[in-house]
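Undergrad: I have a structure I would like to understand better, so I am pasting it below and will then ask my questions one at a time.
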Amino acid sequence: MGGMAYDQFPNIYREVPGGPELLRWFGEVPSFHDAEIVSLDLRRWGVSTLRVHGFVANYQADLGNDLVFDKHAIVTFAMEDIMDLQLDGFSHQNVIGGLMLQRATDRGRANYYSHPQSPEDIEIELEPCYGLDGVIRAKRVLISFEPGIPDGPSIYREGS
């Protein structure tokens, strides 16, 4: 994820179930820069999930400063009680410029919330790059991950 411009958000990863394990895996606060949305499953009740293929990107001096992608993982954000969302775009790839996990901010949409707002609400912001982007606000988020590259075509797998 290289550069970790998101160092101002480490506390939320320490507070959210599964966040500390994700920090240990990546070794830093993930920015999810150039990550790909694998799936988004929205449920009107129960748990909705956002699955993102993330990785760490670093320049390797011994390889002529080539960009090396490491620590691939499919990260699942399980969202309970989604209160509001605003999504835009979709494509076959859905690359994001970044993902910010943070305490929810006031976006002036309280009249649209399906649940009363609280300072504990969590927001996932998908920064635009190519395809899907937007904001999802939920009462609770849990994080899990599987090391590896997702099934299907991928620029990170030989022969794809």
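Undergrad: Relative to the Cα centre, what is the charge dipole magnitude of the chain, using +1 at the beta carbon of each Lys and Arg, -1 at the beta carbon of each Asp and Glu, and rounding to the nearest 20 debye? Before the final figure, lay out the partial values.
TA: Details: 13 positive and 24 negative charges, 98 e Å.
Roughly 480 debye for the chain.
Undergrad: Residue farthest toward the positive end of the dipole of the chain, with Cβ of Lys/Arg at +1 and Asp/Glu at -1: which of Val95, Phe55, Pro17?
TA: Result: Pro17.
Undergrad: Continuing with the same structure: Could you give the length gained by full extension between Asp106 and Asp88, i.e. 0.36 nm per residue of separation minus their alpha carbon distance, to one decimal place?
TA: Working: separation 18, 0.36 × 18 = 6.48 nm, distance 1.95 nm.
Result for the pair: 4.5 nm of gain on full extension.
Undergrad: Give me the distance between the Cα centres of the stretch 13-44 and the stretch 94-129, rounded to whole Å.
TA: Rounded to whole Å, the Cα centres lie 15 Å apart.
Undergrad: Kindly write out, for the stretch 30-47 in residue order, the coupling ³J(HN,Hα) from the Karplus curve 6.51 cos²θ - 1.76 cosθ + 1.60 (θ = phi - 60°), rounded to whole Hz, with x marking Gly and Pro.
TA: With the stated coefficients, the stretch 30-47 comes to x, 8, 6, 5, 6, 6, 10, 6, 7, 7, 9, 10, 9, 10, 6, 9, x, 9 Hz.
Undergrad: In whole Hz, with x marking every Gly and Pro, tabulate ³J(HN,Hα) for the stretch 84-98 from phi via Karplus 6.51 cos²θ - 1.76 cosθ + 1.60, θ = phi - 60°.
TA: 6, 7, 9, 10, 9, x, 5, 8, 6, 10, 6, 7, 10, x, x
Undergrad: Counting other Cβ atoms within 10 Å, which trypsin sites (Lys or Arg not before Pro) in the stretch 83-160 have at most 14 and lie in a DSSP loop?
TA: On the way: sites: Arg103, Arg107, Arg109, Arg137, Lys139, Arg140, Arg157; in loops: Arg107, Arg109, Arg157.
Counting only loop positions with at most 14 other Cβ atoms within 10 Å, the trypsin sites (Lys or Arg not before Pro) in the stretch 83-160 are Arg107, Arg109, Arg157.
Undergrad: With springs connecting C-alpha atoms under 10 Å apart, model the chain as a Gaussian network and identify which of Asp34, Asp88, Asp106 has the largest mean-square fluctuation.
TA: Maximum among the listed residues: Asp106.
Undergrad: Taking H placed 1.01 Å from N in the peptide plane, check which residues at least 5 places from Gly98 or on another chain put their amide H under 5 Å from its amide H.
TA: Asp34, Glu127
Quick note: the coordinates plus some simple rules give every number you see, no bench work behind them. None of the values given here were measured: they were computed from a predicted structure. Please note: Cβ atoms are built from the backbone with ideal geometry, for glycine as well, and neighbour counts cover all protein chains shown.
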